[in-house]
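The values are calculated or read from the model by the stated rules, or taken from the named source; none is laboratory data. Quick caveat: nothing in here was measured; it's all calculated off a predicted structure. Don't worry about glycine lacking a Cβ; one is built from the backbone with ideal geometry, like all the others, and counts go over all protein chains shown. Please note that ligands, DNA and RNA were not included when accessible areas were found on the heavy atoms of the full protein model with its side chains. Shrake-Rupley method; radii C 1.70, N 1.55, O 1.52, S 1.80 Å.
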Amino acid sequence: MAGPVWSIGQVMKLLKPDFADLSISKIRFLETEGLLSPERAPSGYRKYAESDVERLRYILTCQRDSFQPLKVIREHLEMIDRGEEPPSVDQPAPPGAGSDKEPGVQGPVIPQPRAPIRMNRRELVRASGITEAHLLELERHQLVRTKRGHDWYGQEALMVCVASRRLREYGMDIRHIRAMRQAAEREAGMIEQTVLPHARHPQRANQVATEITSLVLHAHAAMVYDLLQH
């Protein structure tokens with residue numbers, strides 16, 4: 001393998017500044033999904049070349065900036081492997097929302113969440129492409145809310161708004177989003193109970209919570225995909 005190589009821990013430290021939720025378990029999950037194929041040393045340790053690191057960076061950027069599922073990312077990677085140019089992930093442009101727009105007309109671009117997102121109500125509506133009435137409906141069912149103790153919305157609110165708008169195009173409405181919320185509440189409660197023994201050590205508790213949350217989300221996604229394939 002020509003050029004520099006990194007261990008999985010070094011890769012995580014290299015990319016962590018740009019992808020705050022990155023963990024070793026997430027990198028391994030992407031490998032089990034076949035999206036990454038680093039070489040193995042005779043000892044069994046992974047050896048990540050520069051091309052592997054850039055491939056991982058592309059995957060994480062697709063997830064962070066465009067909220068793309070693994071199936072779509074896999075298709076993009078296959079295009080790259082064939083020497084083709086994949087769709088840009090720098091400026092994701094979801095279809096426009098609202099009855100005054102023609103189907104297929106592009107709406108507002110989702111902002112790049114490289115820094116913590118802080119949006120007022122008008123900015124959230126504009127960035128997500130939903131209507132004020134849609135936002136009110138989401139808020140009425142407590143599916144979207146401002147950050148605790150603040151009067152601004154964060155990245156989670158933006159993601160829910162974008163997902164809700166896109167899911168409506170497939171016939172999924174507030175009832176379906178509420179079901180997702182209920183499942184999320186059960187998982188959040190399970191995580192909180194697991195982290196509780198570490199509550200006396202806040203730094204350790206945060207590390208445990210981050211790791212468990214990542215594992216739960218990966219397991220959840222894997223089980224959904226598994227159920228859909230049967």
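Within segment 56-67, the set of residues being in contact (Cβ under 8 Å) with a residue 24 or more places away in the chain and either aromatic (Phe, Trp, Tyr) or open to solvent by 10 Å² or more (accessible area, probe 1.4 Å) (or both) comprises Arg57, Tyr58, Thr61, Arg64, Phe67. Is one or more of the residues making up segment 93-102 touching a helix residue (DSSP H, G or I) at 6+ places or on another chain (Cβ under 8 Å) and either modelled with pLDDT of 75 or more or open to solvent by less than 20 Å² (accessible area, probe 1.4 Å) (or both)? Yes - at least one qualifying residue is present in segment 93-102.
Of the helices (runs of 4 or more DSSP H) lying entirely inside segment 142-230, those containing at least 1 residues that are at pLDDT below 90 and surrounded by 15 or more Cβ atoms within 10 Å (Cβ to Cβ) are 155-168, 202-228. Gln68 meets the stated requirement of being part of a loop (DSSP other than H, G, I, E, B), touching a Cys at 6+ places or on another chain (Cβ under 9 Å) and either at pLDDT below 80 or not basic (Lys, Arg) (or both).
Listed by first and then second residue, the pairs with beta-carbon distance under 7 Å, at least 6 apart or on different chains, first residue in segment 207-230 and without any contact (Cβ under 8 Å) to a residue 40 or more places away in the chain, second open to solvent by 90 Å² or more (accessible area, probe 1.4 Å) and in a helix (DSSP H, G or I), form an empty list.
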